[in-house]
Structures are given as C-alpha cells and as structure tokens.
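Engineer: My questions will all concern the structure given below.
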C-alpha cells in the first residue's frame, strides 16, 4: 500500500479544511448564519448566540475535493479502488445533506423546529437503505460481520442484514449528532474514531478505506482548529450527521459495525444518557441527570468545556486502543 500517498492526502485535506475555514467563516458571519441557543440549555451557552454555524460545509467541501483527487489518482492505477471510494463519499454527502436542510430551515428560514423528526429520519433511512442495498447487491461485499475479540465472524441472512445495517447507520449518525453540544467534542472524538478505522484499513489492506478515512481525519483536524473552545464556528447538523455517516459507512465497509460499540463508546453513552433521562422522567417524574446528553450534566456539575472534551477524548483514545487489539 502506498502509505506515502495516504499521508499526502491527509495533509492535503487538513490544509484544504484550514484554508476553507479562513474563507467560509467570515462569509457565514456576514450572512449572519449564527447559532440559536436553546432557552432550556446550559446558561453558559447563551454567550455563544450568534457564533457562525453550518460549518460542516467546510469539512464536506474538503472531503469532496480530496476524494475526487484520490479517485483520479487511483483511476489509472487501480480502477476498482477508485470506484469504491465513491459510495463512501456519496453516503457521507447524503447524511450531510439531510443535516444541511435541517440547518437551513432553522437558521436561514428561521424555522426553529427545523426539519420535522419524521422527515429527518426518513431522509436518513433512504440513504442508509440505499447504501445497504448497494454494498450487498452491487459491490457484493457479503453479509458477514466480524465479531470483536472473538477472532471470528458470522453471516446474517440478507433479510436481517439490511435492517441491521440501517439500524447501525441511523444509530451512529444520531449518536454523533447528540455528542455535538460542547466546543470541539464531536469533531475531536470523531477524528479519533475515524483514525482508528483508518488504521484498521491499513492493517487489513483495504485501500479505499485508508484513502477516504485519511481524508476525513485531515478535514476534521483542520476544522477542529476553529471549533475548539472558544469556537469560532460550529458544525451544525450538517457536520454531525455527515461525520456519523462517514464513521458508520467505513465500519460497515470493513464488516465491523459491532466494533462501533467499543470505539464509539462516547457517542453511545451520550445516546444512552438521553434515553435514560427520558425514561426516568416519564416513569418517575424525576431526572437522573442534571441535563442530557451527558456532557451537559458535567457542564452543570462545574466542569469546563475544555475539561469535558479532554476527558471524553482520553476515554475515546483508550477504547479505540482496546478496539484495535480486538481485531
């Protein structure tokens, strides 16, 4: 595998993301594409009102441009590798588009509800279904799933595999979306998870994953410079759904969707915290957390945003190392 090219494409996507940030953030600020903080959110977030959002457009442009570059680089060398980059790119764009529509309605059209939950879920469902059908019926990747730590795999019948893949994609995208609530949290944890998946791609010699994963990591790191506390830009649903789509698509492509339970532990726990809060309140009338998702509970417990991001990233690195040992 040409690791030299993967390093170059990672650096290129990083530079592209940084340059695009310098160009796009002032435009978002000029267009007054600002964050609308919830009244029921942490009071410390009120001061973030007006910070440019929809910054996920920075990452998605970087990913698109660099993926096209990777496609043309490999087209004359290994056409199959070049072609296999496309579905990973398209599913990432697809989820990002759903997030873009939601952001556009909330921020540009001033519709505070944004895209209705039904339509938002329907959009994600269509994309996830299309990807599941494509990898099974066009790429013929099979329906086998690797079991972490067991050094084995099992084959699901098609009638169960496609719904399972759809569930994984919907769960992952919405988990990353829930994680996006503190400056740099979703971006940094996603970058670590994507790095882990890219390393697995290197170990297994899955070149299209290494290329696309490197591009996503570089784009995340470039954006993170402007997204860390105090953030100059937020990614919006466009960015969080896009990153969730990329993570789930790569994991599924590697036949390792079950590994996400390990390496994406932070988004998983964030999701569980929301579910637990809702169930507890509806059944007992009491809240088990000061606020959900979990990162808001720590905020209201006195943790600074930088501490939350640091601790959650350390946890993510730790579980990702465990994940690497499990393959």
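The values are calculated or read from the model by the stated rules, or taken from the named source; none is laboratory data. This structure is a prediction, so every number in the text was calculated from the model and none was measured. Using ideal geometry, Cβ is built from the backbone for each residue, glycine included, and neighbour counts are taken over all protein chains shown.
Engineer: Do we find a residue being in contact with a strand residue (DSSP E or B) (Cβ under 8 Å, 6 or more places away or on another chain) and buried (at least 24 other Cβ atoms within 10 Å of the Cβ) anywhere in the range 230-243?
Structural biologist: The answer is yes, given that some residue of the range 230-243 is in contact with a strand residue (DSSP E or B) (Cβ under 8 Å, 6 or more places away or on another chain) and buried (at least 24 other Cβ atoms within 10 Å of the Cβ).
Engineer: Identify the single condition in (1) without any contact (Cβ under 8 Å) to a residue 12 or more places away in the chain; (2) within 29 Å of residue 202 (Cβ to Cβ) that residue 244 does not satisfy, given that it satisfies every other one.
Structural biologist: So the condition that residue 244 fails would be (1).
Engineer: A follow-up question, please. Restricting the range 250-291 to residues that are touching a strand residue (DSSP E or B) at 6+ places or on another chain (Cβ under 9 Å) and not in a helix (DSSP H, G or I), which is surrounded by the fewest Cβ atoms within 10 Å (Cβ to Cβ)?
Structural biologist: Looking at residues that are touching a strand residue (DSSP E or B) at 6+ places or on another chain (Cβ under 9 Å) and not in a helix (DSSP H, G or I), I get 255.
Engineer: Report yes if some residue within the range 292-307 is part of a helix (DSSP H, G or I), touching a helix residue (DSSP H, G or I) at 6+ places or on another chain (Cβ under 7 Å), under 18 Å from residue 201 (Cβ atoms) and modelled with pLDDT of 95 or more; otherwise report no.
Structural biologist: no
Engineer: Restricting to the range 24-35, count the residues that are at pLDDT below 90, surrounded by fewer than 11 Cβ atoms within 10 Å (Cβ to Cβ) and not in a loop (DSSP other than H, G, I, E, B).
Structural biologist: 0
Engineer: Any idea how many residues of the range 101-115 are in a loop (DSSP other than H, G, I, E, B), modelled with pLDDT of 80 or more and surrounded by fewer than 20 Cβ atoms within 10 Å (Cβ to Cβ)?
Structural biologist: So the answer is 1.
Engineer: Okay, moving on. Does at least one position in the range 197-214 carry a residue that is over 30 Å from residue 304 (Cα atoms), free of Cβ contacts under 8 Å to residues at least 12 places away in the same chain and out of contact with any strand residue (DSSP E or B) (no Cβ under 9 Å at 6 or more places or on another chain)?
Structural biologist: No: zero hits.
Engineer: Being over 30 Å from residue 165 (Cα atoms), within 19 Å of the chain's Cα centre (by Cα), modelled with pLDDT of 90 or more and assigned to a helix (DSSP H, G or I) is the requirement here; does residue 21 meet it?
Structural biologist: For residue 21, the condition - over 30 Å from residue 165 (Cα atoms), within 19 Å of the chain's Cα centre (by Cα), modelled with pLDDT of 90 or more and assigned to a helix (DSSP H, G or I) - is met.
Engineer: Working only within the range 67-77, note down all residues that are exposed (fewer than 13 other Cβ atoms within 10 Å of the Cβ) and within 28 Å of residue 21 (Cα to Cα).
Structural biologist: Passing the criteria: only 72.
Engineer: Being within 12 Å of the chain's Cα centre (by Cα) and either more than 19 Å from residue 267 (Cβ to Cβ) or not in a strand (DSSP E or B) (or both) narrows it down to one residue among 199, 192, 165; which is it?
Structural biologist: 192
Residue by residue, here is whether (1) within 18 Å of residue 227 (Cα to Cα); (2) crowded, with 19+ Cβ neighbours inside 10 Å; (3) at pLDDT 95 or above holds:
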residue	(1), (2), (3)
37	yes, no, no
44	yes, no, no
49	yes, no, no
59	yes, yes, yes
65	no, no, yes
79	no, no, no
87	no, yes, yes
90	no, no, yes
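Engineer: While we're looking at this one, here's another question. When the range 120-162 is examined, which residues are found to be in contact with a strand residue (DSSP E or B) (Cβ under 8 Å, 6 or more places away or on another chain) and in a loop (DSSP other than H, G, I, E, B)?
Structural biologist: Scanning the range 120-162 gives 142, 143, 156.
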